[in-house]
Amino acid sequence: MNATRVEDVMSAKVVTVRGDMAFKDLVRTMHEARVSAVPVVDEDGRLVGIVSEADLLRSEDDVRHGGSKVVLLEWYVSPVYLTEIAERMEHLRARDIMTTEVVTARPDASVDEAIRVLLKAGVKRLPVIDADGRVIGIVSRRDLLSPFLRSDEDVRDEVVGEVIHRTLWMDPATIRVGIGGNVGAPAQAAEPAS
């Protein structure tokens with residue numbers, strides 16, 4: 001049976017931004033696209049980082065200590081810092097807050113591989129890049145779960161066609177194939193691959 005690949009489940013319409021995008025434009029872009037992260041690319045579309053909602057809220061230095069980044073939660077915790085934060089935000093760009101060590105997936109990787117990478121890295125999504133490092137898609141946890149939404153009949157047909165008929169060269173009518181404990185009648189002969 002052919003393993004489902006990342007390219008089969010990824011979102012090919014991925015919203016990307018450039019490193020010089022202003023903070024407010026980042027927030028607006030993510031909100032309008034209804035995404036929780038955006039890959040940051042260079043002029044050739046190559047991945048250089050990623051900005052997530054967590055990155056928008058995180059800071060290396062608290063504004064009270066004169067850091068170059070802002071703690072956006074200060075807006076809610078202490079309105080005293082609102083003016084200073086607003087002034088600093090005017091100069092904040094995607095390159096200032098992006099994560100540069102991005103965990104990625106290749107389009108030909110199996111869904112199983114991508115799940116292992118995603119879980120090990122503890123991230124919610126993986127930008128999908130080609131051999132030149134260009135972003136060609138993004139795959140989320142939801143995307144990686146989509147193969148499990150297939151009907152039992154679809155899975156059974158794939159087993160019959162790919163494993164029994166094309167790989168093992170057996171007559172599918174001589175084998176009973178069942179999914180989830182339901183063993184049915186002998187499999188019908190699959191159409192030969194064209």
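See the values below:
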{"read-out": "Search result, residues across the range 39-57 that are in contact (Cβ under 8 Å) with a residue 60 or more places away in the chain and in a loop (DSSP other than H, G, I, E, B)", "value": "44, 45"}
{"read-out": "Scope the range 12-38; condition closer than 20 Å to residue 102 by Cα, assigned to a strand (DSSP E or B) and in contact with a Lys or Arg (Cβ under 9 Å, 6 or more places away or on another chain); matching residues", "value": "18, 37"}
{"read-out": "Filtered residues of the range 22-39 (kept if over 14 Å from the mean Cα position of the chain (by Cα) and surrounded by 20 or more Cβ atoms within 10 Å (Cβ to Cβ))", "value": "23, 26"}
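Each reported figure results from applying straightforward, stated rules to the coordinates on display, with no laboratory input. Owing to the predicted nature of the structure, the values given are computational and were not obtained by experimental measurement. Glycine also receives a Cβ, built like all others from the backbone with ideal geometry; neighbour counts cover every protein chain displayed.
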